[in-house]
1. Within segment 13-32, is there a residue that is surrounded by 13 or more Cβ atoms within 10 Å (Cβ to Cβ), in contact with a Ser or Thr (Cβ under 7 Å, 6 or more places away or on another chain), charged (D, E, K, R) and more than 29 Å from Tyr137 (Cα to Cα)?
2. Here are Pro108, Pro82, Pro139, Pro134: which of them is surrounded by 10 or more Cβ atoms within 10 Å (Cβ to Cβ) and either of a type in the set (Lys, Arg) or under 30 Å from Thr37 (Cβ atoms) (or both)?
3. Which residues, counting only those in segment 83-136, are under 19 Å from Asp30 (Cα atoms), part of a loop (DSSP other than H, G, I, E, B) and aliphatic (A, V, I, L, M)?
4. When you look at Lys28, is it under 16 Å from the mean Cα position of the chain (by Cα) and over 29 Å from Glu160 (Cα atoms), yes or no?
5. Take the residues in segment 33-73 that are of a type in the set (Val, Ile, Thr) and within 21 Å of Val120 (Cβ to Cβ), then tell me which one is most open to solvent (accessible area, probe 1.4 Å).
Amino acid sequence: YTTLKDKKSLSEQEIFGKEFLVSEELPKWDWKMTDDTKKIGNYTCYKATALVKVTDEERAAYERRKAESSKNPKRIMVIDEPQDYEITAWYTPEIPVGHGPEMFWGLPGLILETNDGQRVTLCSKIILNPKEKPSIYVPKTGEKVTMKEFETIQEKKLKEMQEMPSGRGKRQVIRIGG
């Protein structure tokens, strides 16, 4: 659930049966608009780009994971160093709503496509003024946490799982098909 008025998103998440209500501030995008156009469906779309810079927190987390990996030579971990990257968005002023998929917003029209270099999100259908109004509800279930707190909890639970005994040294029999 996203509200541009408050510049926040809310989502219900779950880890091992425990529910969380995760709140997150919407990122402020520094869009650079261009004159490039293309058609998406029946809509003329304009290109905008924004640079996503690696945060100090992401860099510190990378350094922690790298240090942990070097302490345990038996566990091979591939850890890519975080890099700045560019988001490309295609928006249409023909639908003058500043929303888009995921956390993308802030352009003078609906964002119909995004590309972050690894994933493309493309709008496949638009229904304007539907006969039946969709039901949109504000998430309310779960322990209230910020996205940062949720990620910390998630990381802790993952670490706990990795540290659980794996049963090495015990004889296991796995039967397949009978």
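1. no
2. Testing whether each residue is surrounded by 10 or more Cβ atoms within 10 Å (Cβ to Cβ) and either of a type in the set (Lys, Arg) or under 30 Å from Thr37 (Cβ atoms) (or both) leaves just Pro108.
3. Initially, segment 83-136 is screened for residues under 19 Å from Asp30 (Cα atoms), giving 83-93, 96-117.
Narrowing further to those that are part of a loop (DSSP other than H, G, I, E, B): 83-84, 93, 96-109, 116-117.
Hits for segment 83-136 are Val97, Met103, Leu107.
4. Taking the combined requirement at face value, the residue satisfies it.
5. Going through segment 33-73, the residues of a type in the set (Val, Ile, Thr) turn out to be 34, 37, 40, 44, 49, 52, 54-55.
Subsequent filtering for residues that are within 21 Å of Val120 (Cβ to Cβ) retains 34, 37, 40, 44, 49, 52.
Working: Thr34: 48, Thr37: 76, Ile40: 19, Thr44: 42, Thr49: 20, Val52: 29 Å².
Filtering segment 33-73 for residues that are of a type in the set (Val, Ile, Thr) and within 21 Å of Val120 (Cβ to Cβ), the one most open to solvent (accessible area, probe 1.4 Å) comes out as Thr37.
The values are calculated or read from the model by the stated rules, or taken from the named source; none is laboratory data. Bear in mind the structure is a predicted one, so any value in this text is a computation, not a measurement. Don't worry about glycine lacking a Cβ; one is built from the backbone with ideal geometry, like all the others, and counts go over all protein chains shown. The area values use the complete protein model at the heavy-atom level, side chains included, leaving out ligands, DNA and RNA. Shrake-Rupley method; radii C 1.70, N 1.55, O 1.52, S 1.80 Å.
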